[in-house]
Amino acid sequence: MIVVKGSAIASSIHKDQRMRYSPTFAIDGKWATRTYNIYTSKTEKMPWLQWKLPNRTKVAGISISSEHGISKLHDNTTHKNDLVNYEVRAGLSSLPDNYKGRILKNVRCGRIEIRGGEDRVYPIVCDQAIIANYITIQIIDDNAVLQINELEVMDGKDGKCHKTLIIISE
């Protein structure tokens, strides 16, 4: 059984194969070791993933782990020598399921340039903690594939990621 922390939607799913490339794989808490069971978008303009957190959460940052980065399995113009711009936003507003274009909703937590094809964990630390129900990750590129193995929230206490999210009392 997969335990999903919250839910996730995305701009697209590679080959429309939800059982292999669903956005829920990015938040299931399981590190994939193959090219499937990892969220993968289609090749498109500015692909994105939105994570609906299970509770209102204080987000100090997010950790993005990618097994394959920009995979050689996909037909796009981005390759391992290119820099890929990831932008992370957090806040209380959600995107519609069919949203296209640059995401401007919520507060920008940060942006990071990742060299395509590098396999590692990328922390993005917000300038200030953001109270959020939603986190979005988007590649700012006209022809890219977004591929995310796992996402984790940094709660700000020690700058590390935690599986247990902080619940903000109202």
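The values are calculated or read from the model by the stated rules, or taken from the named source; none is laboratory data. Bear in mind that the values here come from a model prediction, so they are computed numbers and not experimental data. Glycine gets a Cβ as well: all are built from the backbone with ideal geometry, and neighbour counts include every protein chain shown. Note: areas computed on protein heavy atoms with side chains; ligands, DNA, RNA excluded. Shrake-Rupley method; radii C 1.70, N 1.55, O 1.52, S 1.80 Å.
Results for (1) surrounded by 20 or more Cβ atoms within 10 Å (Cβ to Cβ); (2) of a type in the set (V, I, T); (3) at pLDDT below 95, shown as yes or no for each residue.
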| site | (1), (2), (3) |
| --- | --- |
| A32 | no, no, yes |
| I38 | yes, yes, yes |
| S66 | yes, no, yes |
| S93 | no, no, no |
Count, please, the residues in region 28-56 that happen to be farther than 18 Å from S94 by Cβ and aliphatic (A, V, I, L, M).
2
Condition first: within 15 Å of the chain's Cα centre (by Cα) and open to solvent by 70 Å² or more (accessible area, probe 1.4 Å). Now tell me which residues in region 120-147 satisfy that.
R120, V121, P123, V125
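Going by what's in this entry, would R102 be described as open to solvent by 30 Å² or more (accessible area, probe 1.4 Å), over 19 Å from K5 (Cβ atoms) and modelled with pLDDT of 95 or more? Write out each step before concluding.
Numbers: open to solvent by 30 Å² or more (accessible area, probe 1.4 Å): yes; over 19 Å from K5 (Cβ atoms): yes; modelled with pLDDT of 95 or more: yes.
Spelling it out, R102 is indeed open to solvent by 30 Å² or more (accessible area, probe 1.4 Å), over 19 Å from K5 (Cβ atoms) and modelled with pLDDT of 95 or more.
Would you check which residues across region 21-30 are open to solvent by 10 Å² or more (accessible area, probe 1.4 Å) and polar (S, T, N, Q) and list them?
Result: T24, single match.
Being among the β-branched types (V, I, T) and under 14 Å from L53 (Cβ atoms) narrows it down to one residue among I130, I124, I140; which is it?
Only one candidate passes the filter, namely I130.
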In region 68-91, how many residues are modelled with pLDDT of 85 or more and of a type outside the set (D, E)?
6
